[in-house]
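Laboratory data are not the source of any read-out in this text; all were calculated from the coordinates shown. These numbers come from a predicted model, not from an experiment. As a convention, Cβ positions derive from the backbone with ideal geometry for all residues, glycine included, and neighbour counts pool all protein chains shown.
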Amino acid sequence: MTISRRVFVKSGGLALFSFGLDPLFLARAAFAVRPSARPPDRRILVCLFQRGAVDGLNMIVPHGDPIYYRERPRIAVPEKDVLDLDGYFGLHPRLAVLKPLWDSKTLAAVHAIGSPDATRSHFDAQDYLESGTPGMKATPDGWLNRYCQHDREHQDTPFRAVAFGPQLPRILAGTAPSLAIDDLQAFGLRAPQPAARDRLTRAFEELYAGSATGLLSTSSREAFAAVQMLKRLDPGQYRPANGADYPGGRLGKALLEIAQLIKADVGLHVAFADVTGWDTHVHQGATEGQLAGRLGELGQALAAFTRDLGDGMRDIVVFTMSEFGRTVRENGSSGTDHGHATAMLVLGGPVQGGRVLGKWPGLDPAQRFEGRDVAVTTDFRDLFAELLARHLGATDLSAIFPGYTPDPRFPGAISA
Amino acid sequence: MPGTALSPQDSAFHALNRLAYGPRPGDVLRVAAGGVLRWIDRQLSPDGINDDRLAQQERQFAILAYDRGDLAAMYTEVRRERRERKRAAGETAEGSDSVGAQHAAPLPKQTPLPTPADPMIPKSRRLAGEFADLAVVRAALAERQLYEVMVDFWTNHFNVYFAKGADRFLTPDYIEHTIRPRAMGKFEDLLIATAKSPAMLFYLDNWESVAPGASPQSPLSARRRGGQGVRRMPKGINENYARELLELHTLGVDGGYTQHDVIDVARIFTGWSIGRPQQGGDFEFHGWAHDRGEKQVLSVRFEGGRDMDEGIRLLKLLANHPATMHHVSRKLCQRFVNDDPPDGCVDDAVATWQRSSGDIREVLRAIFHGPDFWAVQNVRAKVKTPLEFVVSAARAVAAEPDTSPRLAQVVARLGEPLYLHVAPDGYPEREAAWVNSGALLDRMNAAVALAAGKLPGVTVVLDSIVSAGDADQLISVVNEKILGGTMSENTKQVLRRQLAGISDPMQARALAVGLTIGGPEFQRQ
């Protein structure tokens, strides 16, 4: 079923109902109204954080460069296994499920992208990637939250910005309301039986509706509205469309729940999920192996999401990001160490795909950063700014990325 | 209180909410009867308060028996074992300083957690969890309540991040030996101690900050600085500590310093380093790394040719700078009076700071004796942080926390994993940071679980605080014991309705307590 979030927002003012009326009844009546027209602002951005620093060179492989093979005798993806994209770059074979998206020009890659800060610490680099202010540690909020703070175009619903995980990540930390959902089914009051849960929910709702003031009042209203919406959604009963087959594991579950919320039309605007397991210092593998396994899961999850959403992908952009890339040369343990630039994927209807974007600096030692890593030629803020400006319609980029003026041409991932 | 509109009982409840982590059963009446100002004065002299019971409890925390060298050795051992295991299994080795899962541990639902003695949990990880729980236990059980509140305040003011590399084993030492002994002393001493602490030097990278072009006489010793071999040599100054020192620790973001000041502060601290951080080493000044040129900070000239002494001189200058007095006083007023503190209490605090050369106890005394602290509009004006909520809830029902990390995991689940605030600004004091829909639902769930005796990490026996009777009696007792008599009419009516259908007195009591602690009044202080 479809719930209009505009109607929902109007019904959110439970505290307006005077004592004696049953606010829940009125709220339910409001939910039952079917919207006559869909709201126009349905664009959605999904951010996947490859936490741990993905090896961009084995994800989007520069198979046309002999240096790649020379530097990685044990872990290079053999030429015969690479899925060629443009004669120079190719996809890792375990991302083959994404090749149709590339061919339909809804998948792009940005290579040699990263932070202007030289740090090779996961801690610092993740912090900068999420705060959006490389080199500045005291920034209190994350850039996705700052986007929400300055966005006046989209409805402020409980599900506007959601991180799928146990805690709110730094990227969504800040004054704009955002939600961390570890498990859609468990969101809300917990009780052994549904009847007890409903009773407890109602009791707390009445307590807060009558006695809460200030932010406690507005936030609790949002909370109970969200719980109500989820109850109607019945997350346990969700069946993906078009035979989409999400892989087991956290990423598959997160993307499935994101798809579910998108289809429920509850006002999801920005979604976030972590994907871990990229810190491949030891036995990274090539066509098969450790990294291949992680890429396989990523590809399968993205393919399932795209299939599940179907035409809905028209309004959706999914992108991957990672704190830095890995060394060009393999290390003594058949792995790679912390590097500098990496590659990011951008997919969805609004994407100008079928291209590897960014200026390729080359793999020659003289062209590398500090002689060892892929140099950064695209500041990650250029891509993020493009996603916010061209996809979501953000206008004030200087408030979101303070002290930085993005390249006005952007990397070119989204149709202008 | 002179000029206050609060009754003695309301005053006691207010003071116990702000200077302490909320009242235990009976505290409000006890403090009101003995005189709230006398209680405040006693709290301002923690050394005179007997805290044997807490000391006894602390002895159960194994982590206090290890120094940072022991912890470093343990940590290195665990990492070596893990590397070998991974190598054998051909799996990913997560980075040494990647954000670990320990702080993201969800509130246990159905699946039982491993017991604390589970041999599958590496010792170092267990100790990390234990250390977070120690903070919760101290906050809950200490008689020196104001002292524990101030430890939390300074821990956030001088924030470090447990999960950043060597801070995994440097942080406990930092809290025990840098913060705690100076929490009620002179600000200047605390500032100097944090500047020299290995945990802070590592966290804000100052240990790697060297004069441009400087290199140690023996390259071998430099390579050993990282313990297992550093990947790259530091190549110049690192401004991180300098910037946060000015912006967060002392002057404040509007404190009137320039980028040039930041650079010269960084130059002054070149060479302030750590001897073998990976082995839990101590502060070390490296003369070879120190920039001996002339510097100028806040228009004060630091002549060339000096060593470590110019850093101490700078810290003293900063500690007693008017902008620092204002910035830190304002933060204290924000903590104790209002998220947006009135100018009056800040001015009083600054004047006292000036008079007492930054004696923290005297500054606090001025705040607690000022009219703003007792003004009606500032009473219940603040929302509890997750730590304050969990600890005050445990205290309200006289709960006994155990030594497992579970109660700290509840605090983490509610959004405040202790020692794991990644940015140097520490956990925020303003309510906007804590109140959101997901967090409120989590608080309600934690409250219901606590009242039902199902919150992990604490033992609750409600008999000790509430005697079950009829619904009105029950509501009245809960109101007195948990809300200090401040329960709203609406809350009473909702409770009455909810209790109407329940015949089992135990169930009724648990519901009333759960709804009260999870309800809106208890979120405030």
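For A:333-345, what's the mean count of beta carbons from other chains sitting within 10 Å of each residue's beta carbon? Could the numbers behind the result be given before it?
Details: counts 3, 1, 3, 0, 2, 2, 0, 0, 0, 0, 0, 0, 0.
Average per residue, whole number: 1.
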Where a ≥ b ≥ c are root eigenvalues of the Cα gyration tensor, a/c under 1.5 meaning rounded, otherwise prolate if a/b exceeds b/c and oblate otherwise, the range A:301-416 counts as oblate
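Which whole number gives the average, over all residues in B:430-436, of C-beta atoms from other chains lying within 10 Å of the residue C-beta? Each step should come with its number before you reach the end.
On the way: counts 2, 4, 6, 5, 2, 9, 13.
Neighbouring Cβ atoms belonging to other protein chains average 6 per residue here.
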Quick check for me: using +1 on Lys/Arg Cβ and -1 on Asp/Glu Cβ, what's the dipole size of the protein assembly as shown about its Cα centre, in debye to the nearest 20? 1420
Average beta-carbon neighbours from other chains, 10 Å sphere, peptide B:514-523: 5
Lys and Arg at +1, Asp and Glu at -1: add these up for the other residues within a Cβ distance under 14 Å of B:Cys333 and post the number. 0
Which of A:Tyr246, A:Tyr68, B:Tyr21 has the fewest other C-beta atoms within 10 Å, and how do the rest follow up to the most? A:Tyr68, A:Tyr246, B:Tyr21
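About its Cα centre, how strong a charge dipole does chain B have in debye, to the nearest 20, once Lys and Arg get +1 and Asp and Glu get -1 at the Cβ?
Dipole of chain B, to the nearest 20 debye: 1160 debye.
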For chain B, calculate the relative contact order in percent as a whole number, restricting contacts to Cα pairs under 8 Å that are 6 or more residues apart. 18
Long-range HN-HN contacts of A:Val275 with modeled amide H, under 5 Å: A:Phe49, A:Gln50, A:Arg51
Separation of alpha-carbon centers, the range B:265-344 and the range A:391-412, rounded to whole Å: 36
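By average Cβ neighbour count within 10 Å, what is the ranking of A:350-358, B:290-298 from highest down? Can you show the working numbers first?
On the way: A:350-358: 20.7, B:290-298: 18.3.
Answer by packing, highest mean first, reads A:350-358, B:290-298.
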Taking a ≥ b ≥ c as the square roots of the eigenvalues of the Cα gyration tensor of the range B:386-523, is the shape rounded (a/c under 1.5), prolate (a/b larger than b/c) or oblate? prolate
Applying the Karplus parametrisation 6.51 cos²θ - 1.76 cosθ + 1.60 with θ = phi - 60° to the phi angles of the range B:184-190, what ³J(HN,Hα) value in whole Hz is obtained for each residue in order, glycine and proline being reported as x? 10, x, 8, 4, 4, 5, 5
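To the nearest 0.05, how large is the calculated FRET efficiency for A:Tyr69 and A:Asp311 if R₀ is 35 Å and r is the Cβ-Cβ distance?
Working: r = 42 Å, r/R0 = 1.19.
Result of the calculation: an efficiency of 0.25.
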Search the structure for amide H atoms under 5 Å from the amide H of A:Arg326, placed 1.01 Å from N in the peptide plane, and list their residues when 5 or more places away or on another chain. A:Gly56, A:Leu57, A:Gly339, A:His340
How large is ³J(HN,Hα), in whole Hz, for each residue of the range B:249-261 in order, when computed from phi with the Karplus curve 6.51 cos²θ - 1.76 cosθ + 1.60 and θ = phi - 60°, using x for Gly and Pro? 7, 10, 5, x, 5, 9, x, x, 9, 10, 4, 5, 4
Which of rounded, prolate or oblate describes the protein assembly as shown when judged by the alpha-carbon gyration tensor and an a/c cut-off of 1.5? oblate
Kindly express, to the nearest 10 degrees and within the range 0 to 90, the angle between helix B:68-89's C-alpha long axis and the longest C-alpha principal axis of chain B. 90
Dipole of the protein assembly as shown (Lys/Arg Cβ +1, Asp/Glu Cβ -1, origin at the Cα centre): which of A:Gly90, B:Ala163, B:His14 lies farthest to the positive side? A:Gly90
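How high is the relative contact order of the range B:386-523, in percent, with contacts defined as C-alpha pairs under 8 Å that are six or more residues apart? Kindly include the intermediate steps, with their values, before the conclusion.
Working: 147 pairs, mean separation 40.6, N = 138.
Contact order relative to length: 29 percent.
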Cα-based Rg (one decimal) and Dmax (whole number) for chain B, in Å? 24.7, 82
Per-residue ³J(HN,Hα) for the range A:50-56, Karplus 6.51 cos²θ - 1.76 cosθ + 1.60, θ = phi - 60°, Hz, x for Gly and Pro: 7, 6, x, 6, 6, 7, x
Dipole check, the protein assembly as shown, charges on Cβ (K,R +1; D,E -1), about Cα centroid: among B:Leu141, B:Asn479, B:Gly252 the Cα furthest to the positive pole belongs to B:Asn479
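Please list B:143-150, A:133-140 highest first by mean number of surrounding beta-carbon atoms within 10 Å per residue. Working shown, then result.
On the way: B:143-150: 22.9, A:133-140: 19.0.
Those peptides, ordered most packed to least, come out B:143-150, A:133-140.
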Work out the FRET efficiency for B:Asp189 and A:Asp84 from their Cβ-Cβ distance, taking R0 = 45 Å, and round it to the nearest 0.05. 0.10
Based on the mean of other beta carbon atoms within 10 Å per residue, what is the order of B:401-413, B:59-71, most packed first? B:401-413, B:59-71
Between helix B:360-369 and chain B, what is the angle of the helix's C-alpha long axis to the longest principal axis, kept within 0 to 90° and rounded to the nearest 10? 30
